[in-house]
Amino acid sequence: MEQNSFRIILDKFNQGYAPLANSNSLTGFGNAGMASVMVNADVLSADYLTQGPALSSLGTVTELITFILDKATSDNVSYAIGATKLFKISSTAVASGGSPSWPQVITNCADGESLVDMGGNLYGFYNTSSAGDILKMPLSTEAIDPDWGSEEEVSGGPIGHAALQKAIHPSATKEDLILFGNGRYCGVYTGGSNTLAPTKLDFGIGNEVADVVFHANQWWIAVNYGVSGTNRSYGHIFLYDGSATTAILADETSIGYQRIGFLMPLNGIMYVAYQDLSATDGYKIGYVLGRQLKPLASFSGSLPSFYQKTLFKSTILFISNALVYSCGAVDDNLPIQISQLADGGYSTVGAMAAPFGTPMVASSQSTSYQLAKFGTTFDTTGSWKSIVIPVTNGRMKGMIDTVIVTTKILVGSASATLIIEANQGVSSSSTKTITTTGKTRHIFTDFSLGGIEDCRVAISWSGVSASNDCAIRRIEVIGHYLE
């Protein structure tokens with residue numbers, strides 16, 4: 001006799017998004033613990049699904065911060081650059097006042113691009129209203145020389161001084177060298193000889209350097225070719241000798257008609273964020289293997305830039321559509337996942353980094369600006385939905401009888417709500433609340449759905465406790481078939 005019941009187990013939430021979730025919010029492809037939709041949900045633990053971290057403000061800022069130095073220059077000190085100012089930051093606050101008075105206005109700066117520290121100095125790349133330039137600030141005095149990159153040699157500027165292009169300026173260091181993007185060019189500053197060569201490498205008209213990093217004794221240079229905007233680009237990743245003395249490139253990986261967002265070396269592997277403009281949601285994280293770019297995971301939203309990446313719990317954090325995503329595995333024994341972890345703050349997100357270990361995110365909306373970090377409280381707007389699972393058996397439809405939710409031991413006002421969405425999300429069950437201090441097993445019946453063709457479990461932490469999270473370990477759906 002054919003079995004007349006069914007049982008669905010949802011666990012292993014650390015798998016993150018289902019493979020096709022970025023293009024179909026009602027996907028049924030994937031494992032039972034994967035998500036079709038998630039908002040500010042933390043799946044980085046191998047044991048449970050819970051609320052993402054809430055943001056905690058680091059103080060008042062008056063403009064959007066566009067780059068955060070992703071390292072400390074001394075104990076609990078780092079720097080960030082915005083549209084017109086240089087900021088000094090710690091793990092708990094944005095510096096204000098003092099001597100010199102923070103934040104410091106950068107003369108003629110209209111668009112801060114990137115920062116690096118080398119040889120006891122901070123170098124800042126920025127655009128004026130018509131060109132590019134480099135500031136230099138000794139870390140010992142914190143006195144800014146705003147036009148160091150373009151001033152005359154007799155005034156202290158580098159040999160070979162020249163105005164940079166008005167363009168994006170990703171930058172990276174190696175010993176006494178700085179390599180930086182300069183529009184169609186890649187420039188080099190050699191500290192030992194105080195020599196600046198802003199057009200050392202010329203990639204030609206229509207090209208733009210998207211990111212530069214130093215890895216495995218070579219410079220890696222990401223270059224996009226083509227018209228900007230929503231037009232198709234052709235991406236290249238070039239390798240350049242670590243000494244940066246010649247104008248000859250060592251190797252090239254062409255990724256075809258795809259636009260590169262950033263490069264990120266991690267554990268000996270070069271990861272790449274890129275976009276296939278022929279697809280509606282063609283955003284991907286991949287890695288370089290020989291001369292191939294191998295895709296790992298897809299995401300939706302927008303292409304992150306060189307200033308919107310950092311490392312967190314052995315995963316790559318990045319910004320897409322003003323939200324914080326994670327890609328990777330917190331442990332080598334776990335599969336690679338991609339998930340949407342936290343909110344980015346206001347509607348426009350600028351820079352992200354973690355110079356003190358905890359991620360920081362800059363954002364703005366109209367005349368409001370903030371720099372915030374992942375706090376100790378939990379997001380109260382989050383949600384998670386499983387993949388869509390069919391519950392039919394021939395001519396018979398499914399009937400949900402019981403849902404059993406296993407949580408960690410709940411504390412205080414920790415809670416979440418659960419509903420069953422059915423028939424391609426058209427029908428919804430009654431709402432069940434997962435709560436009660438000290439409880440770990442929550443049993444629900446009477447979902448008021450009738451016979452259904454498919455279902456997915458939807459969890460919401462909207463309006464719940466920010467101090468105590470409701471972490472879910474397992475969800476079991478039990479039902480039977482009926483004519």
* Do the conditions hold for Asp454, that is, is it among the acidic types (Asp, Glu), over 27 Å from Phe29 (Cα atoms) and either surrounded by fewer than 18 Cβ atoms within 10 Å (Cβ to Cβ) or in the same structural domain as Thr27 (by TED's automatic domain parsing) (or both)? -> no
* Ile409: out of contact with any strand residue (DSSP E or B) (no Cβ under 7 Å at 6 or more places or on another chain), free of Cβ contacts under 8 Å to residues at least 40 places away in the same chain and within 25 Å of Met38 (Cβ to Cβ), yes or no? -> yes
* Return a yes/no flag: does region 22-34 have any residue that is crowded, with 22+ Cβ neighbours inside 10 Å, more than 26 Å from Gly451 (Cβ to Cβ), among the hydrophobic types (A, V, I, L, M, F, W, C) and not assigned by TED's automatic domain parsing to the domain that holds Gly344. => no
* Are any of the residues in region 435-442 part of a loop (DSSP other than H, G, I, E, B) and buried (at least 21 other Cβ atoms within 10 Å of the Cβ)? -> no
* Asked: Does Ser150 meet the test of being assigned by TED's automatic domain parsing to the domain that holds Gly191, at pLDDT below 95 and surrounded by fewer than 17 Cβ atoms within 10 Å (Cβ to Cβ)?
  -> no
* Residue list for region 245-269, restricted to those being buried (at least 21 other Cβ atoms within 10 Å of the Cβ) and part of a strand (DSSP E or B) -> Ile255, Arg259, Ile260, Gly261, Phe262, Leu263, Met264
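Yes/no per residue for (1) small (Gly, Ala, Ser); (2) farther than 20 Å from Thr315 by Cα; (3) out of contact with any Ser or Thr (no Cβ under 7 Å at 6 or more places or on another chain); (4) at pLDDT 95 or above:
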| residue | (1), (2), (3), (4) |
| --- | --- |
| Arg7 | no, yes, yes, yes |
| Leu10 | no, yes, no, yes |
| Asp42 | no, no, no, yes |
| Ser45 | yes, no, yes, no |
| Pro53 | no, no, yes, yes |
| Thr73 | no, yes, yes, yes |
| Ser90 | yes, yes, yes, yes |
| Ala110 | yes, yes, no, yes |
* Go through the residues of region 192-202 one by one and say whether even a single one is under 28 Å from the mean Cα position of the chain (by Cα) and either of a type in the set (A, V, I, L, M) or outside the structural domain of Lys309 (by TED's automatic domain parsing) (or both). => no
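The values are calculated or read from the model by the stated rules, or taken from the named source; none is laboratory data. All values reported here derive from a predicted model rather than from experimental measurement. Note: ideal-geometry Cβ built from the backbone for every residue, glycine included; neighbour counts use all protein chains shown.
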